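A short write-up of the structure that comes next.
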Ligand SMILES: C[S@@+](CC[C@H](N)C(=O)[O-])C[C@H]1O[C@@H](n2cnc3c(N)ncnc32)[C@H](O)[C@@H]1O
């Protein structure tokens, strides 16, 4: 992740603009004034830069929660701030050059709003969850030109590597999304998808709630799959295979196929490694046999008028509110010139959203964008609105 190691942090006056980058406001952690967030707008993207003043080093870096679709924009914002605030930079991995030409040309990288606002439904869709090096995804897209492939990853270097290939191979049937696939599946229209590939997911033996395969993930996949559509899990972990089998078999009206050491058309980087180590590879394929009801999610993310005082709201810091099917946890609190900001996680336990909430005298708003419109997020929002009203 891009960062600058600086001698000392200097604050500019807000708002300011430099080299096309707008610096809108600064927020300081209420419980640690050595941690600050700088709100930036650049090329229609809003995000934070994070300042951390530590005992033996000071850093200006990417805020992981709000990082924009183009990492190039973080590089630009870091350089512009350093320049404007006349920071003495001791070490840096910030690039000063032009955008990678492949990334500039490629329109394949989409934000979640693209899918939330108008999901492409003109042709069959296939989804690959956690595509890693992208070998399988790129092979499938190149060989099935009339099908739209959507690749979902949370590892930025893998995303950039695949975008480069999309440009080199001139693929117009492949879209890429940097997002948690478990949440994404909730907004895929019903009966649209031909295949969902989950190849070599992280087993998360010690943190099973982070696994991609779960009852709710299978439920959403099944709803999104057309009749005869398939959810394909491939894993080298016997433990993950056993856990997944148990989770799949609880579903009615589905057909399951189990395979051991099946050969497939293209071998991923992980599979290559396991094959060389002569590990067993397990496939669980679920075939959907049912038509599902259309996706319909009701509700909005508006806040009601009137709320508790800033002091009362700041007391929420570190508290957790649990409700049926989900929770809201107030992770951090920040002070701004004209209000306060909370960082929270909320929604369902296995698919929480992490976001910021800006609270001013007459308004409450999510930053930089609304949560994904899912049932559990809407439920969490209703409860959050109630909490803010005391
Ligand atoms: C072990 S790698 C396998 C990569 C690739 N499928 C292969 O076979 O080589 C698992 C990948 O899943 C990604 N991943 C993990 N959790 C995810 C999630 N919730 N949503 C999207 N991608 C995820 C990780 O970043 C990682 O690249």
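The values are calculated or read from the model by the stated rules, or taken from the named source; none is laboratory data. From a predicted model like this one, the values you see are computed outputs, not experimental measurements. Virtual Cβ from ideal backbone geometry, glycine too; neighbours counted across all protein chains shown.
Selection within the range 264-275: residues that are more than 26 Å from residue 246 (Cβ to Cβ) and in a loop (DSSP other than H, G, I, E, B). The member of this set that is farthest from the ligand (Cβ to nearest atom) is 265. Among the residues of the range 325-340, just one is within 24 Å of the chain's Cα centre (by Cα) and either part of a loop (DSSP other than H, G, I, E, B) or under 15 Å from residue 370 (Cα atoms) (or both), namely 325. Residue 117 meets the stated requirement of being over 25 Å from residue 3 (Cβ atoms), assigned by TED's automatic domain parsing to the domain that holds residue 182, at pLDDT below 95 and under 22 Å from the mean Cα position of the chain (by Cα). Looking only at residues in the range 1-33 that are in a strand (DSSP E or B) and without any contact (Cβ under 8 Å) to a residue 60 or more places away in the chain, the one that is surrounded by the most Cβ atoms within 10 Å (Cβ to Cβ) is 22. When 298, 302, 293, 278 are checked against the criterion of being outside any strand (DSSP E or B), more than 27 Å from the chain's Cα centre (by Cα) and either away from the ligand (no atom under 16 Å from the Cβ) or exposed (fewer than 12 other Cβ atoms within 10 Å of the Cβ) (or both), 278 stands alone in meeting it. Scanning the range 252-262 finds no residues that are in contact with a strand residue (DSSP E or B) (Cβ under 7 Å, 6 or more places away or on another chain), more than 24 Å from residue 37 (Cα to Cα), within 16 Å of the ligand (Cβ to nearest atom) and touching a residue at least 40 places away in the same chain (Cβ under 8 Å). Annotation: residue 139 fulfils all but one of (1) within 14 Å of the ligand (Cβ to nearest atom); (2) at pLDDT 95 or above; (3) surrounded by fewer than 19 Cβ atoms within 10 Å (Cβ to Cβ); (4) closer than 22 Å to residue 374 by Cα; the unmet one is (4).
Out of 296, 270, report the one residue that is at pLDDT below 90 and not assigned by TED's automatic domain parsing to the domain that holds residue 183. Show your work before the answer.
Values: 270 fails: not assigned by TED's automatic domain parsing to the domain that holds residue 183.
After ruling out the rest, the residue left standing is 296.
None of 182, 234 is in contact (Cβ under 8 Å) with a residue 40 or more places away in the chain and farther than 29 Å from residue 70 by Cβ except 234.
Does the range 147-160 contain at least one residue that is in contact (Cβ under 8 Å) with a residue 40 or more places away in the chain and either within 12 Å of the ligand (Cβ to nearest atom) or within 22 Å of residue 284 (Cα to Cα) (or both)?
Scanning the range 147-160 turns up at least one residue that is in contact (Cβ under 8 Å) with a residue 40 or more places away in the chain and either within 12 Å of the ligand (Cβ to nearest atom) or within 22 Å of residue 284 (Cα to Cα) (or both).
Considering (1) in a helix (DSSP H, G or I); (2) touching a helix residue (DSSP H, G or I) at 6+ places or on another chain (Cβ under 7 Å); (3) within 13 Å of the ligand (Cβ to nearest atom), the lone condition that residue 247 does not fulfil carries the number (3). Are any of the residues in the range 173-191 farther than 26 Å from residue 245 by Cβ, away from the ligand (no atom under 16 Å from the Cβ) and more than 15 Å from the chain's Cα centre (by Cα)? Yes, because at least one residue in the range 173-191 is farther than 26 Å from residue 245 by Cβ, away from the ligand (no atom under 16 Å from the Cβ) and more than 15 Å from the chain's Cα centre (by Cα). Close contacts from the range 200-213, counting a first residue that is more than 9 Å from the ligand (Cβ to nearest atom) and a second that is modelled with pLDDT of 90 or more, with Cβ to Cβ under 7 Å and a gap of 6+ residues or different chains, come to 205/239; 213/198; 213/201; 213/233; 213/244; 213/247.
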